[in-house]
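**Student:** Below is a structure I'd like to ask you about.
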Amino acid sequence: MDKNKLWKWLLLGVLILWSITLVYPPLDVKDAEGHVVKRGKIRLGLDLKGGSSFVVEVDAKDVARKMVERGEAESVEAISETTLNAQVKDVQEIAVEVIRNRIDVLGTAEPEIYPEGDSRIVVRIPGADANTRAEAKAQLSRDAVLSFKLVHTESAAWVDELVASGQVPPGFRMGGQDGAGTYYVRDRAAMSDDKLDRDFYEKLKRFGGKNADFMLMEDRMRDGSLVYRPEYVERRSQLGGDTVKDAFVNYDQMTGLPEISLEFDGEGKKAFGRVTEANVNRRLGVILDDKLYSAPNINEAIYGNASISGSFTVPEARKLANVLKAGALPGRVRIVEERTVAPTLGQDSIASGKSAILWGAVLVVAFMALYYLVPGLIADLSLVFVLLLLPCGMVVSAGFLGVVSGSLEGSAVSLPTLTLYGIAGIVLTIGMAVDANVLTFERMREEWKVGKSISGAINAGYNKAFSTILDANVTTLLTAVILFWQGSGPIRGFAVTLTAGILVSMFIVLVITRLFFNSLADANLLKSVRMLSLPFFANANVDFIKWRKVAGGFSIAVILASMVLFAMKGDGNFGVDFTGGSVITFEFQQKAGIDEVRSALDSAGFGSASIAYQKDMHGQEILEVKVGVSGEEVEPAMTAIKQLPGGYQEVQADSVGSQIGSELKRKGIMAILWSLVGIIVYISIRFEFAFAMGAIIALAHDVLVTVGLYCAFGRELSMPIIAALLTIVGYSVNDTIVIFDRIREDLKLVKGKSYKEIANLSINQTLSRTVLTSFTTLLTVVMLLVLGGGAVQDFALALFIGIVAGTYSTIYIATPVMLLWHKEEKVQ
């Protein structure tokens, strides 16, 4: 064996060992008692393991207000955009650690918390149940900004003015007066409790129009009723919560009620002492997240610790203590996206994903072995190597895409989290990995037919197929990079898997399978290139170009008809990813009627909600409710459904704010446009502008047909469908480049014929490859369509339509459009 071959075998062995170390053990290893003794290397995403994810965004307006309060700017308007963006980025970096500390208190296993962009933070909590999700949401929603401010000296007089004028803050009504002063009670008929959010308390500060903040302090009457006592508090903070060293729950010795004891650090004790010494006989307000909890009188200087008392329960006090212990957020954050998957649904996804991979692989392997015989068996072996090397391919791809998109930020590169779309990417990789093998085998068959030796046919086949394989995979890789750049979360995971599949399959096909063929030929174990062939493909001589006008008319008719349906459906074409809002899926033991569900939602204030009973992947009926609100606003709708008789339980929820929805829509459109621009540039450089225009018109055709027919089937567009469209773009241009590469080759070899004749010849020469690769890819996509279920089924449906449309457009759209630049021109 020569050294060149030896080094290739050694490289393959090293890469396989590296891949195995990356994934072994794949899942958690447990002892006899069920305790985890060793963590698995493969991290499962929320859609496979179940759990909750949140995307929070730093509130730039709040950051600007705090800069003014600290004296860093005279007004919000005076802060430049560059300065504000830099401050938001700083707040984001600190907030990541604060949020991590808060989530760690919940005791969840391996939460993922990381920054996204310059202002957002992603929080993923695998395996979170409903209680953990609710607590995590509460932790994220709290700023935990603690401050000590003096009650204004004119507070009592200003409150008397309000009483005399009859002014009452919105959502409240006058309750009366007692020894402690004026108090209000809640008026829930005027304003529900869910409206008393952070924005409400921010606006409340300006009530009365005084040079101080108006606040309401909760208090309990002797009969246990809750009242609210008004106070005017100075706007200048005397002391912040950044000096709090510890916080814990204690009990008031006089009342027995819970309170939160605060322990300051050394600097905090001194500062608290200075504040209390300078303001003896004044009242000091203890404010947390713009709510006044207590305002005790300062009788003497206090060089020690402090406490927060209020009308909260023991669980509430413990939660507040945990938040204060974790630290305050340096700026307000808002939940802009929330997604939940029940653990049982995750297990179903794993089972369906395994089935899709298994059956997709079995069908492709069987077809290749039966049709291509010995080369087919080598191709099947190459698929095994592709799957074995995918882990190291994913690590390399994650690093490569992170550098290209600028999102790596120097962090360590590790195996990406496996999601349902990652599994879809693996299944698709199996189908697409066959493409290069089929292309090479068909070339080897041609070289063998002209009388070359076995070694000559092998080497000539690989050499002639190389440029086609390179061009086709580079364009697909381009779409994967753009998908990673514009996508997030599971979409990025799919882009990593797709990129890994492209890189690994190219290495295996161009290096390792060639090594297998050459080794067998050198050992005289492979003496001929025997493969099956269908007579139609072997002697194909169809005048495809003759039907270009009919095909063009058919395509225009399909596109126009589907676009009319699309326009009639309007916003109904878009899922919550793009419109904002929430989609909640419920399972149940006993089905309630649509009218009963509608009545419950009407009573909760969701009269315009979309309600539908559907079948899940196991044929079990589920209820899907779609409403136009997100975040905390959707909670009443979920509660209304859960209170229906029949045991309704939430199994999946997607909640997207309107801002992030419009942003995702823009990103989706830009991702497709950028991929088309990149393909135009690449094909123009590698071929010529006429070829680029043919490819682009064909791609536009494929996207429009896929979107139109997909929505005509009653499905909604979402970010995963954008991922499917970009995959279709990559796959379709792959097909087109194979024909274009053969046209380019035939233009050099065939003289005296017109461009149209050469184009038709090239289409017939590559017809076998075009049909067979589409067939093998469709085998795996059909497995996803049949076994995937849920969102992956939608993803597979879009792929199925796109692959069929792409195969058709490669022949009847791309090449005829290219011929418009050459018409009756002959090759000299």
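The values are calculated or read from the model by the stated rules, or taken from the named source; none is laboratory data. These figures come from a predicted structure and were not determined experimentally. All Cβ positions, even for glycine, are placed from backbone atoms using ideal geometry, and neighbour counts span all protein chains on display. Heavy atoms of the whole protein, side chains included, go into the accessibility calculation; ligands, DNA and RNA do not. Shrake-Rupley method; radii C 1.70, N 1.55, O 1.52, S 1.80 Å.
**Student:** Once you keep just the Cα pairs under 8 angstrom separated by 6 or more residues, what percentage relative contact order results for the chain?
**Tutor:** 13
**Student:** From the phi of every residue in segment 39-48, what ³J(HN,Hα) in whole Hz does the Karplus formula 6.51 cos²θ - 1.76 cosθ + 1.60 yield, where θ is phi - 60° and glycine or proline is x?
**Tutor:** Whole-Hz 3J(HN,Hα) from phi for segment 39-48: 6, x, 7, 8, 8, 8, x, 4, 6, 9.
**Student:** Using the Kirkwood radius over C-alpha pairs as Rh, can you work out the diffusion coefficient of segment 121-235 via Stokes-Einstein at 10 °C, viscosity 1.306 mPa s, in µm² per second?
**Tutor:** 97
**Student:** Classify segment 453-555 as rounded, prolate or oblate from the Cα gyration tensor: take a ≥ b ≥ c as the square roots of its eigenvalues, call it rounded if a/c is under 1.5, otherwise prolate when a/b beats b/c and oblate if not.
**Tutor:** oblate
**Student:** Round to a whole number: what % of the accessible area of the chain belongs to carbon and sulfur, probe 1.4 Å?
**Tutor:** 58
**Student:** Contour minus end-to-end for residue 253 and residue 114, with contour as 0.36 nm per residue of separation and end-to-end as the Cα-Cα distance?
**Tutor:** Answer, rounded to one decimal: 45.7 nm.
**Student:** Could the peptides 226-234, 128-136, 73-81, 554-562 be put in order, highest first, of the mean number of other beta-carbon atoms found within 10 Å of their residues?
**Tutor:** 226-234, 128-136, 554-562, 73-81
**Student:** Now a separate question. Run the reach check for residue 642 against aspartates and glutamates, Cα to Cα strictly under 15 Å, same-chain hits fewer than 8 apart removed. What comes back?
**Tutor:** Reachable aspartates and glutamates: 587, 596, 602, 624, 650.
**Student:** I need the trypsin sites (Lys or Arg not before Pro) found in segment 37-91, filtered to DSSP loop residues with at most 14 other beta carbons within 10 Å of theirs.
**Tutor:** Filter output for segment 37-91: 39, 70.
**Student:** Given a Förster distance of 25 Å, report the FRET efficiency between residue 206 and residue 307 from their Cβ-Cβ distance, rounded to the nearest 0.05.
**Tutor:** After rounding, the FRET efficiency stands at 0.25.
**Student:** Please work out the FRET efficiency for the pair residue 83 and residue 3, using the Cβ-Cβ distance as r and a Förster radius of 60 Å; give the result to the nearest 0.05.
**Tutor:** E between residue 83 and residue 3, to the nearest 0.05, is 0.45.
**Student:** Follow-up question, since we're still on this one. Based on the Cβ-Cβ distance from residue 534 to residue 595, what FRET efficiency comes out when R0 is 60 Å, to the nearest 0.05?
**Tutor:** Result of the calculation: an efficiency of 0.60.
**Student:** Between residue 621 and residue 17, what is the label-to-label distance in nm when each label sits 7 Å out along the Cα-to-Cβ direction?
**Tutor:** Each label point is offset 7 Å from its Cα along the Cβ direction, giving 5.9 nm.
**Student:** On to the next question. Using a 1.4 Å probe, what is the accessible area per residue for the chain, in Å²?
**Tutor:** 44
**Student:** Could you calculate the contour length gain from residue 31 to residue 189, that is, 0.36 nm times the residue separation minus the distance between their Cα atoms, to one decimal place in nm?
**Tutor:** 51.2 nm
**Student:** Moving to a separate point now. Please compute the modelled spin-label separation between residue 610 and residue 446, points set 7 Å along Cα→Cβ, answer in nm with one decimal.
**Tutor:** Taking the two extended label points, one gets 4.8 nm.
**Student:** Right, next: Taking a cut-off of 13 Å between Cα atoms, list the aspartates and glutamates near residue 823, but don't count ones fewer than 8 places away on the same chain.
**Tutor:** 757
**Student:** If you fit an axis through the alpha-carbon atoms of helix 454-486 and take the longest principal axis of the Cα set of the chain, what angle between them do you get, 0 to 90°, nearest 10?
**Tutor:** Taking Cα atoms only, the helix is inclined about 20 degrees.
**Student:** Oh, and also: Is there a pair in 149/291; 149/270; 452/527; 137/665; 354/591; 49/591 whose C-alpha atoms are over 20 Å apart, and which pairs would that be?
**Tutor:** Beyond 20 Å between Cα atoms: 137/665; 354/591; 49/591.
**Student:** Relative contact order of segment 246-295: what whole-number percent is it, with Cα pairs under 8 angstrom and at least 6 residues apart?
**Tutor:** Dividing the mean separation by the residue count of segment 246-295 yields 21 percent.
**Student:** So, one more: Just how much of residue 57 is accessible, in Å², when a 1.4 Å probe is used and the result is rounded to the nearest 10?
**Tutor:** Accessible area of residue 57: about 20 Å².
**Student:** Here is a further query. Under a straight-distance cross-link criterion of Cα-Cα below 16 Å, which lysines are reachable from residue 38, leaving out those fewer than 8 residues away in the same chain?
**Tutor:** The reachable lysines, counting only those whose Cα sits under 16 Å from residue 38, are 30.
**Student:** Could you pull the accessible area for residue 158 with a 1.4 Å probe, rounded to 10 Å²?
**Tutor:** Roll a 1.4 Å probe over it and residue 158 shows about 40 Å².
**Student:** Compute the orientation-averaged projected area for the chain from the convex hull of its Cα atoms and round it to one decimal in nm².
**Tutor:** Over every viewing direction, the Cα hull of the chain projects on average to 43.6 nm².
**Student:** Taking Cα atoms, how many degrees apart are the long axis of helix 755-765 and the longest axis of the chain, rounded to 10 and kept between 0 and 90?
**Tutor:** Once rounded, the angle reads 90 degrees.
**Student:** Can you pull the one-decimal nm distance between simple spin-label points at residue 90 and residue 281, each 7 Å off the Cα toward Cβ?
**Tutor:** Label at residue 90, label at residue 281, 4.1 nm between them.
**Student:** While we're looking at this one, here's another question. Nearest 10 degrees is fine. How inclined is helix 420-449 to the longest principal axis of the chain, computing both from alpha carbons?
**Tutor:** With both axes taken from Cα atoms, the answer is about 10 degrees.
**Student:** As I understand it, the dipole of the chain uses +1 on the Cβ of Lys and Arg and -1 on the Cβ of Asp and Glu, about the Cα centre. Which of 148, 313, 645 lies farthest toward its positive end?
**Tutor:** Selected residue: 645.
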